[in-house]
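FYI, it's all coordinate maths here, none of it is from the lab. Keep in mind the model is a prediction, meaning the values are calculated, not measured. Glycine gets a Cβ as well: all are built from the backbone with ideal geometry, and neighbour counts include every protein chain shown.
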Amino acid sequence: MPEGRYAEVMERDGFRCQASVYGFGSTVSCDGGLVVHHRRMRGAGGSADPTINDADNLVVLCGGPTGRDGHHGEVHDFPLRSYDCGLLVRRSSVVSSKIVPRPY
């Protein structure tokens, strides 16, 4: 990830989990431990994709103590729901922050 990108995304998202902004229905409440999540997964295009770390492909989610808990874990555990709300996007999709309006 380019230097400063992590901080840029955290600041843009108000240092808060964005699961509810995207309409990700969940029974899990935010449990801290914020992570920057790749909407188009790194494994689906890999580091050879120059846009993988673009800010439009990144969003803040809670990840709990391991980084793989909370909403971040749920996004990966329930991919169909995650694709439906835009927290995951398919490799062939053009990533845009315009998919979901931001509240700021």
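List of remarks:
- Inter-label distance for Asp31 and Ala55, nm, one decimal - labels placed 7 Å from Cα along Cα-to-Cβ: 3.1 nm
- Chymotrypsin sites (Phe, Trp or Tyr not before Pro) restricted to DSSP loop in the range 1-85 with at most 14 other C-beta within 10 Å: Phe15
- In the range 5-92, Cα pairs under 8 Å separated by at least six residues give a relative contact order of 36 percent.
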